[in-house]
Protein chains: 2
Amino acid sequence: MDPEEFRRAGHAVVDWIADYWSTLDARPVTSQDPPGTVAAALPAGPPTAGEPIEAVLADLDSVVTPGLTHWQHPGFFAYFPANTSGPSVLGDLVSSGLGVQGMLWATGPACTELETRMLDWLAGLLDLPERFHSSGRGGGVIQDSASSAALVATLTALHRASGGRWRGVGVDRRYRAYTSTQGHSSIEKAARIAGLGDEGVRPIEVDPETQAMRPAALRAAIEADLAAGEVPAIVVATIGTTSTSAVDPLREIGAICAEYGVWLHVDAAYAGAAAVCPELRWSHAGLEYADSYCFDPHKWLLTGFDCDAFWVADAAELVEALTVLPEYLRNAATESGAVIDYRDWQVPLGRRFRALKLWFVLRWYGVEGLRAHIRSGVALAARFADRIRADDRFELTAPHPFSLVCFRLRAGDEPSAALLERVNATGRVYLTHTRVGGRYTLRLAVGSPQTRDEHVDEAWELLRTTADGLLPEDDRPTR
Amino acid sequence: MDPEEFRRAGHAVVDWIADYWSTLDARPVTSQDPPGTVAAALPAGPPTAGEPIEAVLADLDSVVTPGLTHWQHPGFFAYFPANTSGPSVLGDLVSSGLGVQGMLWATGPACTELETRMLDWLAGLLDLPERFHSSGRGGGVIQDSASSAALVATLTALHRASGGRWRGVGVDRRYRAYTSTQGHSSIEKAARIAGLGDEGVRPIEVDPETQAMRPAALRAAIEADLAAGEVPAIVVATIGTTSTSAVDPLREIGAICAEYGVWLHVDAAYAGAAAVCPELRWSHAGLEYADSYCFDPHKWLLTGFDCDAFWVADAAELVEALTVLPEYLRNAATESGAVIDYRDWQVPLGRRFRALKLWFVLRWYGVEGLRAHIRSGVALAARFADRIRADDRFELTAPHPFSLVCFRLRAGDEPSAALLERVNATGRVYLTHTRVGGRYTLRLAVGSPQTRDEHVDEAWELLRTTADGLLPEDDRPTR
């Protein structure tokens, strides 16, 4: 495809996306087709001769989009949001067009330097502790996801806990990781990948009201392991747990980590973006204790997946843990020590130019635009929570400090699960569930930039009227 | 940014890319600016109020592109190619616009099913063994890179070698991985991440002529480890090593793996694409022994980074090794067992809709178009190798079965290194180096779709005339 063919086809694809976004609200948010529908509509092999882009776009409409879950739909309230935005898509388009692979500074100086600068911009935007800025020993890097950030933190923690021996001789079964029972599944997965096994992770109990980690339980677990001759290597605290957006008490947890010399990683995948707003920075109090921290601009900061922002307080330690230097990657810039080679900050060798989408987003929206986006999400969640509070058939099951509301029918697990199934079957909204204290709980997470008051109100109306059908008048609790 | 603003800005960005591609040949392939140049040109923080896209595009021209290594430049001969193409960029653009996160089938049925189908298309295109097709127990998935593929293979191999105990109790220091001394650094990195330590990897010697693994040396290493009570867990064979594109003898290696029950992973990151052409499939003979296999369409198959295609012969084993299922990811489709959840085939939880770019590429080029691309690379490399052979100051240092040519000045390491430095300093070409049998070797890897006869000829002219300046007439060897 030559540049002029690309120009023509590119305009058509841009138009296709603009039209898609304009018509999102009219589509069902989830596909109602059974498994195999899309696969059955695709031929068994590629064509022998090439086809025009128009043919592919036609199949995109007839085969692919009817089979999608539309994450950018204003009625998408499931999981956590995976926001994107026009400027993010355009930054990523430039990245695709440049086709730069920035594994080393030498293979893309601007790719590396823009990334360092963007992570400093984000650190300033969230008012992160000075230790994470690149002006000192620390610094930031883009990972694909908070899962990979947790893995990289775990590996560096093992390197530190073993006094540097891990790199040469590997782990043994003495090392332990700690997170609350509400910590994300990726923490367990990271520990498994790093060779600790699922039994190497200690689940720490939470306060039943707040769902936040109990520092006393963490201390007890660490002391028990030490007494048994085991080695506490890493604690992962969460700002905004996946189930309920609970905030672990970082100050108390951090003091314990400092006392016992344990690596503290803070996973703020979803709620980190809240710190863009000064009034929500209480959630990050105590972060100065952390050895590493991450949040996902791809969740709630208008930047398309994948873009996890990960910082460490001591970059040298991270690089020492992860570097492998074969002859074919040696170069003068690396040997000068004056540059960052981000390949040594992550699991894969290769890397895309993801800083571009951050740069486009941060410049298009500006600080005030990003704050307005976060505040809108918080306000929409509060609006919805008010509806829940006002209907005595429903109850909130956890605090809602950010843009996630957890709720259920007082009548129990079974009607609550039926309620979720019925509202999702309408295709107008998509919510998911969790369990809080063992009880079935629905989750409504606001995040799509297209979501407005009327969409939240429509979701509520659907829930309210569906509950009417599920709960006979005389079964309704009276209080 | 609303859809109409996106449409207007999107056309401008498409035009920017078309213009960039049209002017690539006139740019220096690498930046000659010192470290810090790009960073110094960027403000210390994001703007308070938003800025127009035009301002960002202007800085893209004035700050970013002058600081880049241009991977798509026709004079880019470094490392291995990281090809992209118009249809790949457009497929990725659609993916960005949809903003689908396909961690589960339920979160993007079409994202999952198109990916399964595209990996089957690729398996057919490369004529991979039947065991890797999704119609049986096997199947394919897109990983970000061959590094991650090696990691996932290593983890599944540990799961198998431990009889399933690895998942619960972790690794210990008895497990061993094997690859040739020419195996990629990511294999060592994968073993380190998995907790085996650098000492857990046995480097197997190669034939000095072919640079391919010696099966007898592999057998000896496995037997020595078994005798010492250690557990051989995984062998990684390479089709197309990074230094010289050597091809390990899969049939002999596979038979040894079968005999001792060791997982065989085949890393064909670069050269796998060659199997698109029937006349190059000799390189894949013996692949039916492999438990897993990967190659990178993002290297030599016109698909932008990141896109590693990874197959396993037994998908259930892979899923069992990697799955973690918290309540908030439970859903009816997963529990039906009728769908694939690709999150369980990889390290991160989240995933982009990368199958789209493969779909666009495979349909736009068709089988014949892709074969023509591979054949062009092989022919250009052969053309260059002929020039080397015809000048008795130069010598080839390894066979060139694909599109990589390894060569040096007979005069020795120092003039060879000086030659590389001088030709790269012109900004007209970018080559990298390696060592073969300890001796400094230049590498010229053809891959950019813009590279034509005249670019290879220009590279040769630069090398030849630069050598004139480096080697006084009377120092020239006579043979």
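Read-outs: derived from the displayed coordinates by stated rules, not from any lab. Just so you know, these numbers come straight off a predicted model, no measurement behind them. Ideal geometry is used to build each Cβ from the backbone, glycine not excepted, and the neighbour counts take in all protein chains shown.
Summarising the strand pairing of the range B:100-353, around 40 percent of its internal DSSP beta bridges are antiparallel. Here are some pairs, A:K299/A:K357; A:K189/B:K299; B:K299/B:K357; B:K189/B:K299; A:K189/B:K357; which of them have Cα atoms lying more than 22 Å apart in this structure? Beyond 22 Å between Cα atoms: A:K189/B:K299; A:K189/B:K357. Label-to-label distances for B:P43 across copies, nearest first, come out at 5.1 nm, using points 7 Å from Cα in the beta-carbon direction. Rounded to the nearest 0.05, the FRET efficiency derived from the C-beta distance between B:R439 and B:A220 at R0 = 30 Å is 0.70. The percentage of C-alpha pairs in chain A whose separation is greater than 29 Å is 55%.
Annotation: the antiparallel percentage among DSSP beta bridges lying fully within chain A is about 55. Of interest is the spacing of the C-alpha centroids, which for the range A:236-310 and the range B:138-193 amounts to 30 Å. In plain terms, the residue of B:L90, B:L24, A:L420 with the fewest other Cβ atoms within 10 Å comes first and the most crowded comes last, giving B:L24, A:L420, B:L90.
In terms of surrounding Cβ atoms within a 10 Å radius of their Cβ, A:S145, B:S336 rank from fewest to most as B:S336, A:S145. Taking other Cβ atoms within 10 Å as a rough exposure proxy, B:T107, A:T466 sort from fewest to most as A:T466, B:T107.
Across peptide B:47-59, the average count of Cβ atoms from other chains found within 10 Å of a residue's Cβ is 5. Between copies, the label points at B:A390 (set 7 angstrom from Cα along Cα-to-Cβ) are spaced 8.5 nm, reported in nanometres from shortest to longest. Of all complete DSSP H helices in chain B, those with a Cα span along the helix axis of 27 Å or greater and a mean Kyte-Doolittle hydropathy of -1.0 or more are B:3-22, B:355-390. Sorted from shortest to longest, the distances between the A:E5 label points of this copy and the other copies are 3.5 nm, with each point 7 Å from Cα along the line through the beta carbon. Once C-alpha pairs closer than 8 Å and six or more residues apart are averaged by separation and normalised to the residue number of chain A, the relative contact order reads 21 percent.
Given a Förster radius of 30 Å and the C-beta distance between A:Q32 and A:R8 as r, what FRET efficiency does 1/(1 + (r/R0)^6) yield to the nearest 0.05? The computed FRET efficiency comes out at 0.25. Considering the protein assembly as shown at the alpha-carbon level, its Rg and Dmax are found to be 27.3, 107 Å.
Annotation for B:A40 and B:A417: the two label points, set 7 Å from Cα along the Cα-Cβ direction, are 2.8 nm apart. Residue of chain A with the Cβ closest to the rotation axis carrying A onto B, and that distance rounded to whole Å: A:G195, 1. Using C-alpha pairs below 8 Å separated by at least 6 residues, the relative contact order for the range A:91-359 is 28 percent.
Based on C-alpha pairs under 8 angstrom that are at least 6 apart in sequence, the range B:322-461 has a relative contact order of 18 percent. Calculated [222 nm] ellipticity per residue, helices only, for chain B: -13000 deg cm²/dmol; basis is -39500 (n - 2.57) per DSSP H run with n ≥ 4, divided by all residues, nearest 500. Once backbone amide H atoms are built at 1.01 Å from N, B:A398 has B:C406 as its partners under 5 Å, excluding neighbours fewer than 5 places away on the same chain.
Could you calculate the FRET efficiency of B:E395 with A:D392 from 1/(1 + (r/R0)^6), where r is the beta carbon distance between them and R0 is 60 Å, rounded to 0.05? With a Förster radius of 60 Å, E is 0.10.
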